[in-house]
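Take a look at the structure set out below.
The values are calculated or read from the model by the stated rules, or taken from the named source; none is laboratory data. No experiment lies behind these values; they were computed from the predicted model shown. When we count neighbours, we look across all protein chains shown, and the Cβ atoms used for this are built from the backbone with ideal geometry, even at glycine.
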Amino acid sequence: MTPSSSETHERNSDRRPSVSGTGRVMPDRELIEHLNRAQMGDDDAREKVIRHSRSFVYRVACGLCQRKLSWDNDDELSIGLIALNEAIDRFDAEKGVPFHSYVRLVVQSRLGDHWRREGRHPLVSMDKQSPEGEWELHPAATREAIKRHREQEWISDSQMEMEAFERYLEDFDITMEDLTGASPKHASRRARLTEAALTLARDEGMMGHLLSRRQMPVTELSRRVNLNHKMLSRGRRYIIALALIATAPGLQQLRSFAGIPYIPLEGEEENL
């Protein structure tokens, strides 16, 4: 994590590759470059993004429909590609949302509009057929399918958050294994270190020191929270981890799990 969302995105783009529909690994930086050129009218760049994302659109549409789709026969896939084109035009890397997460939202929205116009829902029970030979909607199966889809999205979002969090920690030479051993065992000590972390997160000067020098401002923090240097130094990893969770955009689930608020840095904005 760095003080600006654009720098954060740039660093993350270097580290997390993306697999295209043709199987080639495309670094996120390259994908963003193609998106920028496509938004400026470069048809070749747009075509590369579409080819890269075609298989992703297929997986999203099939997941929402709960069945395999055919490019030749199913309107949902054509609508998915139209939504992909819309996502290319409207995507803003500064918002901090990965491109394919944004594509998923646009595809889901446009398919939802399509189904509402058609007066139907694609999630069906396959255990009952009408006399006309068409599968009838089954409310219980529909609810279960929606529940499964939401659970899958929650798991996917959680994995993405953890990957982003691990990248933030790398800047401070902290691993997830380190945090397992750094978590305070006693509730009173944990509460005091949590208070220190939130005090750090709320102070622009101290957070600037932490992010630019990769060092916790122990002396200033000690004065602010009335804890000695030894206790703060021993709790360094825990304090830094909580301060990053509190200030980094896009870590909503981790904040909920830790029970701490979002404290945006200057110029940052949470993407809900």
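Taking the stretch 4-60 only, how many residues are modelled with pLDDT under 50, surrounded by 17 or more Cβ atoms within 10 Å (Cβ to Cβ) and either over 18 Å from the mean Cα position of the chain (by Cα) or acidic (Asp, Glu) (or both)? Count: 1. Applying the criterion of being in a loop (DSSP other than H, G, I, E, B) and more than 12 Å from the chain's Cα centre (by Cα) to the residues of the stretch 85-105, the residue that is nearest to residue 58 (Cα to Cα) is 91. Residue 156 meets all of the listed conditions (1) of a type outside the set (Lys, Arg); (2) modelled with pLDDT under 95; (3) under 19 Å from residue 261 (Cα atoms) but one, namely (3). Please determine whether any residue of the stretch 106-120 is under 25 Å from residue 28 (Cα atoms), in contact with an Asp or Glu (Cβ under 6 Å, 6 or more places away or on another chain) and part of a helix (DSSP H, G or I). The answer is yes, given that some residue of the stretch 106-120 is under 25 Å from residue 28 (Cα atoms), in contact with an Asp or Glu (Cβ under 6 Å, 6 or more places away or on another chain) and part of a helix (DSSP H, G or I).
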